[in-house]
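Everything on this sheet refers to the single structure shown next.
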Amino acid sequence: MRRPTLAFAALASATTLALGLAAPALAAPGASSSGAPRVADGPYVALGDSFSAGSGVLPLSATANPQCTQSALNYPHLLAQRTGRALTDVTCGGADTGDFTGSQFPGVAPQLDAVTPEARLVTIGIGGNDSSVFTSIIQQCATAGLTTLGQGSPCKDTYGTSYADTIRTKTYPAVRAAIAAAKARAPRARIVVPGYPQILPPTVGCYATMPIAVGDVPYVNGIEQVLNAALEQAAKDNGATFVDMWGPSAGRDACQLPWVRWVEPLAASLNYVPVHPNTAGERAYADQIQARVGL
C-alpha cells in the first residue's frame with residue numbers, strides 16, 4: 001500500500017484554523033472538554049521526546065536511563081500522580097519516531113516495547129526531532145540572527161519552505177505510522193497526542209535571550225504551526241485525541257518573564273536544557289491533557 005501523504009494546503013488550512021481559536025478553558029478534572037467518554041481506569045504508558053520527558057526540569061526520574069534526561073516532574077508523572085494510574089514512562093530527550101522501533105541509547109529499549117494490550121491511556125509527544133527539524137531551526141535561525149544583529153529574515157531567506165516541506169513529506173507520515181503502531185499494540189487504550197507550545201511571541205521576539213532576527217520570528221512560528229497541524233492530522237487519521245498546546249501557551253513563550261513563561265529561552269535559561277518547557281510548562285501540559293481527555 002502506498003504511504004499516505006498530507007497536502008501542504010491541508011496543513012496550511014489547519015494552521016489557519018488553529019490561529020483563530022482561543023485558548024480552551026480548562027474543564028474540571030474528570031470531565032472531558034470534548035465531551036468524549038472518560039478514559040477507562042488502567043495503566044498509562046507515556047512515549048515521546050524531550051518536551052514530554054521534561055528534559056531540563058529537575059529532579060531526574062529515578063527509574064529512567066540518565067541519558068534520557070527524563071524529569072520526575074514531567075507531565076506523564078504529574079498525570080499519573082493526579083489520577084492514581086500505574087505509569088510506564090519511556091519518554092526520552094532527543095527521541096524521534098525512529099526510536100519507537102529502534103534503541104535510542106544502549107540499554108534503552110524501543111519505546112513501542114512499553115505499549116501492551118493492558119494499557120488504557122497512551123500519550124505520544126513526538127515529531128519535533130524527526131529530520132532534526134526542531135534542533136536545526138533553532139540553531140540555524142539563531143546563528144543567522146547573530147550574523148545580521150537581529151535584522152531582516154536571514155533564516156527564511158536561506159531555508160524558505162524546506163522545513164515545512166520536510167514536515168509534510170517525512171514527519172507527518174512517520175508520526176502517523178507511530179500512532180498507528182501504538183494503537184495496534186493497545187487497542188483498548190485512549191491515544192493522546194499533545195502538540196508543541198509557543199516558543200516565541202507572534203511577531204516581536206527577544207533578541208537578547210532568543211537571538212532570532214525580527215523577520216524570522218513569524219517564520220519560526222509558522223513552521224511550528226505547520227508541525228502542530230501535521231500532528232493533529234496524524235492523530236485524526238488514527239482516531240487519536242490531539243491536545244492543542246499552541247493556544248493555551250499564548251503569552252507564555254520564552255520571551256516572557258521567568259514566572260510567566262512556560263518555555264525557557266536560549267540564553268539565561270533557568271533549565272539546564274534551554275528552549276524547553278519548564279516546571280510550569282510541564283504542569284500546563286498535564287492540565288491541558290487532563291481537561292481535554294477527561295482524566
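Quick look at the values:
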{"item": "Principal axis box of the range 171-295, alpha-carbon based, largest edge first, Å", "result": "48, 28, 23"}
{"item": "Cut-off under 5 Å, modelled amide H: who pairs with V263 long-range", "result": "A254, N278"}
{"item": "Solution diffusion estimate, µm²/s, Stokes-Einstein, the chain, Kirkwood Rh from C-alpha pairs, 20 °C, viscosity 1.002 mPa s", "result": "113 µm²/s"}
{"item": "Scattering profile of the range 110-182 at q = 0.28 Å⁻¹ [log10 I(q)/I(0), Debye over alpha-carbon scatterers]", "result": "-1.24"}
{"item": "MRE, 222 nm, helices only [DSSP H, n ≥ 4, -39500 (n - 2.57), over the chain, to nearest 500]", "result": "-10500 deg cm²/dmol"}
{"item": "Descending principal axes extents, the range 40-99, alpha-carbon based, whole Å", "result": "30, 26, 17"}
{"item": "FRET E, pair A208, L87, Förster distance 45 Å, beta-carbon r, rounded to 0.05", "result": "0.70"}
{"item": "Residues whose placed amide H lies under 5 Å from that of V243, excluding near-sequence neighbours", "result": "V193, G195"}
{"item": "Sequence-distant lysines (8 or more away, or on other chains) whose Cα lies within less than 22 Å of K183", "result": "K170, K236"}
{"item": "DSSP-defined beta bridges in the chain - what % are antiparallel, rounded to 5", "result": "10 percent"}
{"item": "Surrounding net charge for V260, when Lys and Arg each add one and Asp and Glu each subtract one, Cβ distance under 11 Å", "result": "+1"}
{"item": "Calculated from backbone phi, Karplus (6.51, -1.76, 1.60) coupling profile of the range 223-232 in Hz, x at Gly/Pro", "result": "5, 5, 5, 4, 4, 4, 5, 5, 5, 4"}
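Read-outs: derived from the displayed coordinates by stated rules, not from any lab. If you're wondering where the values come from, they're calculated on a predicted model, not measured in any experiment. Don't worry about glycine lacking a Cβ; one is built from the backbone with ideal geometry, like all the others, and counts go over all protein chains shown.
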